[in-house]
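Each remark here refers to the structure printed beneath this line.
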Amino acid sequence: MRYYYEYKYKNGNKVCGHNLEKIEFFDNYIRLLGVDIIPTYDCEVRYWGTLLDMNEIEYLKIDPMLEKEN
C-alpha cells in the first residue's frame, strides 16, 4: 500500500507528496521512503527518501492512497 503524506515546518513551509511506501522511526527523526513511477516508454522508476527532524516540523499527516481496481 502507498500513502499520501503532508508535513509542515515550524517556519510555515508546507510539503505534500505521494507514493510513500515506508516509514522509519529513529530517536528524533523520521525517514520517509517511496518510489515514483514515471510514465515514459519503459516506465522509469525513481526511488526517493527524505529525513525529517522532529524538532523542525509542526505536524506530519499520512493517509492511505486509493488503489486502482482492474
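Which residues, counting only those in the stretch 25-42, are more than 19 Å from Y9 (Cα to Cα), assigned to a strand (DSSP E or B) and out of contact with any Cys (no Cβ under 7 Å at 6 or more places or on another chain)?
Correct list: G34, V35, D36, I38.
How many residues does the stretch 38-60 hold that are open to solvent by less than 90 Å² (accessible area, probe 1.4 Å) and touching a residue at least 12 places away in the same chain (Cβ under 8 Å)?
Start the filter on the stretch 38-60 by keeping residues that are open to solvent by less than 90 Å² (accessible area, probe 1.4 Å), which leaves 38, 40, 43-45, 48-50, 52-54, 57, 59-60.
Right, trim to touching a residue at least 12 places away in the same chain (Cβ under 8 Å) and you get 48-50, 52-54, 57, 59-60.
Of the residues in the stretch 38-60, 9 are open to solvent by less than 90 Å² (accessible area, probe 1.4 Å) and touching a residue at least 12 places away in the same chain (Cβ under 8 Å).
Can you pull out every residue in the stretch 1-24 that is part of a loop (DSSP other than H, G, I, E, B), open to solvent by 90 Å² or more (accessible area, probe 1.4 Å) and basic (K, R)?
K10
The values are calculated or read from the model by the stated rules, or taken from the named source; none is laboratory data. What you see is a predicted model, and the numbers here were worked out from it, not measured in a lab. So basically every Cβ, Gly included, is an ideal-geometry build from the backbone, and we count neighbours across all protein chains shown. Quick note on the areas: whole protein, heavy atoms, side chains included, nothing else; ligands and nucleic acids left out. Shrake-Rupley method; radii C 1.70, N 1.55, O 1.52, S 1.80 Å.
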